[in-house]
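The values are calculated or read from the model by the stated rules, or taken from the named source; none is laboratory data. For clarity, every value in this text was computed on a predicted model and none was experimentally measured. As a convention, Cβ positions derive from the backbone with ideal geometry for all residues, glycine included, and neighbour counts pool all protein chains shown.
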Amino acid sequence: MNGVVFLLLFVICIGLIYIVHRYFGKHEFYLLTVIYSIISFMMSFKLITILGININMSITFSSGLIMMMYYFVNRYDNVEINKYIITIMMSVLSSIIIILLGSIMIPSIYDENLILFKDLFFDNLAIIILYPIALFITLILSSYSFKELKKVDKNRTAKTVLTLVGIIFVDVFVLIYFSYAFIIKFDDSILIAIGNYFVKIIVITIMYLLLNKIMRVKKVKS
Amino acid sequence: MNILYLVLAILLIFLLMVIFYKFWKKDGLYLYICLMSSILSIILIGSIDILSFQVSIGIPVIMGLFICSNIIIQRYGLDEVKRILYTFGLSYIITFIVVSLVSLTFIKDYNISSNDIYDLLFGYNFNNFRCIISNFISIMIMIWIGSGIYYSLRKSKNILVISNVITAFVISFIESLIFVLIAHIGNFSGIELFGMISIRYIFEIVVAIIGLIPVYILVKFIDK
């Protein structure tokens, strides 16, 4: 079941990018960015096991955000790229604050959910703190790298994949390693981080190859 | 203490609206609708007691959506309603479906309690589903009818406060009625349901009146 859901989320993630690219415009990409930011943040609380590897579920949609950055760098100017980063950070930070404010309220006597919210957020406080930091570092790194890669003509695909391998290393080790080091313990955390690193590399490489194909598809004018 | 947190949440929600509009104008307001819809699909299942009646913590977000749609109608006309409805509906449903989909997965080794909590919160259960559906229907109707009322009021008498307050009075009642009836009928007695509708209605009116401040800032000052 875990594998099927993971695959389904991957298809949804890349499928929505394809639909927005083909049938809509830049503005809808921003809307998708907001949705992906919140989904990715919420999924970061969930850890699942696939083929013996423990994977943080946020990796699919955070890969989607990095790939949309690639799309923006290749299609639009610097102003839009900065706007893209600001949109993501504002979405994540405002959702964290609003959800945290909600979770610290005294719940209704009929309500069990607010207590669960509180437990979920305060048990995973390390994720809440590290998630925006890791995302911001990743976005800044990827925006710089993709801009530099635009100037490269030779072996661009291979160089982009290698760059992604480097960016993912920083992302996974800031978020996954340190947060699970606090939540679980350091020894187990390194195993989770290594597993996540390899899975995220595979996910983002496939996404990158698919996105290159998607970008060649002509837009349908609405 | 709840009141203090609610006030903070309301201020933040309206401040975000002003920031989004200041930087990105019309596109910013749509981004705001998208952001609030996604957040709403996550927090609406939580509720607090106000005067011993259960009230959803998502109300400030709902009123943020209502006020934002009023600002769009005020500035860009009634033609925008369809786009507002699409933006709200798609953001709300996509976030809910994808976040809930993950609750079908499981973990063997680590962080089992957090995974269980996630599944309880966002899993496919009847009460969550009722809450999500009732919110979806009530907000769609609120935006759709509210825009019509707001536009006709604006056309006959273009006084910002009157258009907003009258629309809020009518539309909050419809929204509260639809939401409480779909989400809670069968779980509570008639008196409790009446109390829930009344408290939700009064709370929405209060938030809408506070929301006049960002409306004024946006419509009267920022554009000038």
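Quick one: would you say A:L116 is farther than 24 Å from A:I53 by Cα and either in a helix (DSSP H, G or I) or touching a helix residue (DSSP H, G or I) at 6+ places or on another chain (Cβ under 8 Å) (or both)? Walk me through how you get there before you give the answer.
Values: farther than 24 Å from A:I53 by Cα: yes; either in a helix (DSSP H, G or I) or touching a helix residue (DSSP H, G or I) at 6+ places or on another chain (Cβ under 8 Å) (or both): yes.
Judged against the criteria, A:L116 is a match.
Go over the candidates A:S58, A:S62 one by one and state the one that is within 18 Å of A:I137 (Cα to Cα) and at pLDDT below 90. Break it down stepwise before answering.
Values: A:S62 fails: at pLDDT below 90.
Residue meeting the stated conditions: A:S58.
More than 9 Å from every other protein chain (Cβ to nearest Cβ), farther than 21 Å from A:Y177 by Cα and either assigned to a helix (DSSP H, G or I) or of a type in the set (F, W, Y) (or both), is that true of A:M69?
Details: more than 9 Å from every other protein chain (Cβ to nearest Cβ): yes; farther than 21 Å from A:Y177 by Cα: yes; either assigned to a helix (DSSP H, G or I) or of a type in the set (F, W, Y) (or both): yes.
When the stated conditions are applied, A:M69 passes them.
The one condition from (1) small (G, A, S); (2) facing another protein chain (nearest Cβ under 10 Å); (3) crowded, with 24+ Cβ neighbours inside 10 Å that B:S69 does not meet is (2).
What are the residues in the range A:21-51 that are aliphatic (A, V, I, L, M), away from chain B (no Cβ under 11 Å) and part of a helix (DSSP H, G or I), if any?
Filtering the range A:21-51 down to residues aliphatic (A, V, I, L, M) leaves A:31-32, A:34-35, A:38-39, A:42-43, A:47-48, A:50-51.
Retained after the next criterion (residues that are away from chain B (no Cβ under 11 Å)): A:51.
Across the range A:21-51, there are no qualifying residues.
If you go through the range B:24-52 and pick out every residue that is surrounded by 24 or more Cβ atoms within 10 Å (Cβ to Cβ) and among the aromatic types (F, W, Y), you end up with 2. Of the residues making up the range A:169-197, those that are in contact (Cβ under 8 Å) with a residue 12 or more places away in the chain and more than 13 Å from chain B (Cβ to nearest Cβ) are A:F169, A:V170, A:D171, A:V172, A:F173, A:V174, A:L175, A:Y177, A:F178, A:Y197. In the set (1) outside any helix (DSSP H, G or I); (2) surrounded by fewer than 20 Cβ atoms within 10 Å (Cβ to Cβ), B:L90 fails one condition alone, (1).
How many residues does the range A:72-110 contain that are at the interface with another protein chain (Cβ under 7 Å from one of its Cβ atoms), hydroxyl-bearing (S, T, Y) and not in a helix (DSSP H, G or I)? I'd like the intermediate steps shown before the answer.
Filtering the range A:72-110 down to residues at the interface with another protein chain (Cβ under 7 Å from one of its Cβ atoms) leaves A:87, A:91, A:94-95, A:97-99, A:101-102, A:104-110.
When the remaining residues are screened for being hydroxyl-bearing (S, T, Y), the result is A:87, A:91, A:94-95, A:108, A:110.
Cutting the leftovers down to not in a helix (DSSP H, G or I) gives us A:108, A:110.
Here the count works out to 2.
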